[in-house]
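Please read the structure below before turning to the comments.
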Amino acid sequence: MTKINLAVIGCGRRGIGNLKTLMKMLDEVNIVAVCDAYDDRTVEASDLLTEAGESAPLKFTDYKDVLTMELLFLMFQSEMGLTGKASDYFEIA
């Protein structure tokens, strides 16, 4: 079976929760990158993976860097409470 290469953008509460769910499917996915505007969150996400015996993912603080990667799937989540402007969060679309 070919694994899906996956990047997780947004490693706050929701993102870490989703990452933990994805970690139950590590036989089907490779989490190759994590991204958050706050570096400590990318470290937390990376640590979860390495503690589970996985390779350390690439860590980014700018989602645009993640978009340059060749991926099969991208998971993006954020809470709009930071600036209150939806346009800040939907620039990717």
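The values are calculated or read from the model by the stated rules, or taken from the named source; none is laboratory data. Please read all numbers here as calculations on a predicted model, not as lab measurements. We place every Cβ from the backbone using ideal geometry, glycine too, and count neighbours over all the protein chains shown. Side chains are part of the model used for accessible areas, which takes the heavy atoms of the whole protein and leaves out ligands, DNA and RNA. Shrake-Rupley method; radii C 1.70, N 1.55, O 1.52, S 1.80 Å.
Brief remarks on what is shown
Rundown of residues vs (1) of a type outside the set (S, T, N, Q); (2) more than 19 Å from V66 (Cβ to Cβ); (3) open to solvent by less than 80 Å² (accessible area, probe 1.4 Å); (4) at pLDDT 90 or above, yes/no style:
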{"site": "M1", "(1), (2), (3), (4)": "yes, yes, no, no"}
{"site": "V8", "(1), (2), (3), (4)": "yes, no, yes, yes"}
{"site": "C11", "(1), (2), (3), (4)": "yes, no, yes, yes"}
{"site": "R14", "(1), (2), (3), (4)": "yes, no, no, no"}
{"site": "K20", "(1), (2), (3), (4)": "yes, yes, no, yes"}
{"site": "N30", "(1), (2), (3), (4)": "no, no, yes, yes"}
{"site": "V34", "(1), (2), (3), (4)": "yes, no, yes, yes"}
{"site": "Y38", "(1), (2), (3), (4)": "yes, no, no, yes"}
{"site": "R41", "(1), (2), (3), (4)": "yes, no, no, yes"}
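- All positions within the range 19-75 that are charged (D, E, K, R) and in a helix (DSSP H, G or I): K20, K24, D39, D40, R41, E44, D47, E51, K64, D65
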